[in-house]
């Protein structure tokens, strides 16, 4: 993974789950990581633990639904480490429910975090990467972007949007690599946002049968980032073995 050592990677949704696992793994491989989320105390702990192990890490609080905060976060990474190699737009929500439940506030929140949060990350990173002449944007999608399931209509729609945005970004920018990582059921706090009781029970039962560790996705992200500059890994799908 010599192509990772020294790279500056800014990661949203880094206070737990995939974001935290990716920050720790990339730091072990020699990357300089800027981690962001809303939970400042958690970010501080993660950054300190990375540095205690000899890695390079800094943190900056960010709410990805606020464009100015995303811009400040990405700029903080460049300011702290001198450049910006990778932005990992990882923050996401998954409050699944049947459409009939009319959880419109949750629909709005998913759109704000899962779609607009990715767009704000792209908007913040593009000017820097264009000025540099290089860069890599990694977006967390989901297997939900490939197959719509009951209770997942809005969540799936947001992830289909992530895939479309990522492909458009790739086609428009020959000097920037773009990767979509689509996890199957993964250890994370995503399911904690489900307020519909029947759906929460269904997901809990499923997660008890098939789940992969967040570290598996971290390794997938590292694989994409670690490729030579001439190689752009566009999408990686990672599922538990035996998943449908």
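A few remarks follow.
- Scaling against 2.2 N^0.38 Å puts the C-alpha radius of gyration of the stretch 1-48 at 1.07.
- Exposure proxy order (Cβ contacts within 10 Å, fewest to most) of 67, 39: 39, 67
- Length released on extending from residue 195 to residue 29, taking residue separation times 0.36 nm less the Cα-Cα span: 56.0 nm
- Extension gain, residue 210 back to residue 230 (0.36 nm per residue minus Cα-Cα distance, nm): 3.7 nm
- Principal axis extents of the C-alpha atoms in the stretch 8-238 (largest first, rounded to whole Å): 49, 40, 31.
- C-alpha long axis of helix 153-172 to longest principal axis of the chain, angle in °: 30
- Degrees between helix 197-207 axis and first principal axis of the chain (Cα, 0 to 90, nearest 10): 60
- Overall form of the stretch 105-184 per C-alpha gyration tensor (a/c, 1.5; a/b vs b/c): prolate
- Cα-only radius of gyration and Dmax that characterise the stretch 1-98, units Å: 13.0, 47
Where a number appears in this text, it was derived from the coordinates with a stated rule and is not lab data. Please read all numbers here as calculations on a predicted model, not as lab measurements. Using ideal geometry, Cβ is built from the backbone for each residue, glycine included, and neighbour counts are taken over all protein chains shown.
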